[in-house]
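For reference, the structure discussed in these notes is given below.
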Amino acid sequence: MMRRLLNRGGYAVTLATTLAEAMAAINTHTFDLLLCDLGLPDGSGLDLVRALSLRSPKLPAIALSGYGMPDDVRKSLEAGFLAHLSKPVAVERVWATIHQVLIASAAPANR
């Protein structure tokens with residue numbers, strides 16, 4: 001569903017359903033944004049974003065999770081995500097967060 005939503009918004013989307021697929025995609029492609037569920041069948045989105053910080057430290061990332069307690073959000077941000085969205089999430093909130101994260105990551109201080 002998220003892929004269709006993003007495609008309709010004009011984004012090219014590469015779908016990875018596992019941590020291994022995501023790592024393989026990141027090793028072979030260049031991305032502008034990572035939108036990642038924290039619950040992956042072979043690991044965690046936290047593991048992914050930590051690994052990415054070593055390979056692609058400038059890649060902005062947004063966490064998606066069914067858990068939205070303050071401790072969950074804190075763990076996401078400490079791992080390297082720039083934002084944490086708790087599911088279910090309104091479409092408007094997805095668009096606003098993507099926009100905010102892309103703008104923040106393009107700021108000269110982050111280059």
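The values are calculated or read from the model by the stated rules, or taken from the named source; none is laboratory data. Keep in mind that what you see is a predicted model, and the values were worked out from it rather than measured. Every residue, glycine as well, gets a Cβ built from its backbone with ideal geometry; the counts of neighbours run over all protein chains shown.
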Out of L85, L59, L64, I need the residue that is part of a loop (DSSP other than H, G, I, E, B), touching a strand residue (DSSP E or B) at 6+ places or on another chain (Cβ under 7 Å) and closer than 18 Å to L46 by Cα. Which one? L59
Identify, by number, the condition in (1) under 21 Å from I103 (Cα atoms); (2) surrounded by 16 or more Cβ atoms within 10 Å (Cβ to Cβ); (3) modelled with pLDDT of 95 or more that L52 doesn't meet. (3)
Just checking, how many residues over segment 49-72 are within 14 Å of the chain's Cα centre (by Cα) and free of Cβ contacts under 8 Å to residues at least 12 places away in the same chain? 1
All positions within segment 88-101 that are modelled with pLDDT under 95 and either of a type in the set (F, W, Y) or surrounded by 13 or more Cβ atoms within 10 Å (Cβ to Cβ) (or both): V89
Kindly indicate whether L5 is among the aliphatic types (A, V, I, L, M), touching a residue at least 40 places away in the same chain (Cβ under 8 Å) and within 23 Å of A106 (Cβ to Cβ). yes
Please go through segment 7-49 and pick out each residue that is assigned to a helix (DSSP H, G or I) and either over 15 Å from A63 (Cβ atoms) or among the acidic types (D, E) (or both). N7, R8, A20, E21, M23, A24, A25, I26, N27, T28, D47
Residue identified as modelled with pLDDT of 95 or more, part of a helix (DSSP H, G or I) and exposed (fewer than 12 other Cβ atoms within 10 Å of the Cβ) among R74, R4: R74
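Residues checked against (1) in contact with a strand residue (DSSP E or B) (Cβ under 6 Å, 6 or more places away or on another chain); (2) in contact (Cβ under 8 Å) with a residue 40 or more places away in the chain; (3) among the charged types (D, E, K, R); (4) surrounded by 14 or more Cβ atoms within 10 Å (Cβ to Cβ):
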residue: G9; (1), (2), (3), (4): no, yes, no, no
residue: A16; (1), (2), (3), (4): no, no, no, yes
residue: L19; (1), (2), (3), (4): yes, no, no, yes
residue: I26; (1), (2), (3), (4): no, no, no, yes
When the residues of segment 31-48 are filtered to those that are under 11 Å from the mean Cα position of the chain (by Cα) and over 14 Å from A16 (Cα atoms), which remaining residue is surrounded by the most Cβ atoms within 10 Å (Cβ to Cβ)? L46
